[in-house]
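These notes are about the structure you will find just below.
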Amino acid sequence: MSIYICEKCGCIENTALGDYWNNIINHEPKICSECSTGKWHNRFDKKHWTEYGVKKLLELEKDGSMINATEYLKSIGEIK
């Protein structure tokens, strides 16, 4: 399961459930299902990236589970 951080609200989302691939193709911000449709899908609990922490997100990115941790965390000034 590939996950990413929503660039609008900061939640963790699954690439198959949010608009990740459409956003990539259209060069738009990577947003979650709730930011796109106004409603969370409820396939799993909505969690903000801070519930995982920087270290865990970077570990998930390193093992291939997380897609955009470094990019997102740099954009908000959490890492350099």
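Summary of values
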| quantity | calculated |
| --- | --- |
| In segment 55-69, the residues that are surrounded by fewer than 15 Cβ atoms within 10 Å (Cβ to Cβ) and either within 13 Å of the chain's Cα centre (by Cα) or within 18 Å of ILE24 (Cα to Cα) (or both) | GLY64, SER65 |
| Search result, residues across segment 8-23 that are open to solvent by less than 70 Å² (accessible area, probe 1.4 Å), under 18 Å from LEU73 (Cα atoms) and not polar (S, T, N, Q) | CYS9, GLY10, CYS11, ILE12, GLU13, TYR20 |
| Any hit, segment 37-46, residues being polar (S, T, N, Q) and touching a residue at least 40 places away in the same chain (Cβ under 8 Å) | no |
| Candidates LYS39, LYS30, filtered to the one that is open to solvent by 70 Å² or more (accessible area, probe 1.4 Å) and outside any strand (DSSP E or B) | LYS39 |
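The values are calculated or read from the model by the stated rules, or taken from the named source; none is laboratory data. The structure displayed is predicted, hence computed values, not measured ones. Please note: Cβ atoms are built from the backbone with ideal geometry, for glycine as well, and neighbour counts cover all protein chains shown. Note: accessible area is taken over every heavy atom of the protein model, side chains too, but ligands, DNA and RNA are not part of it. Shrake-Rupley method; radii C 1.70, N 1.55, O 1.52, S 1.80 Å.
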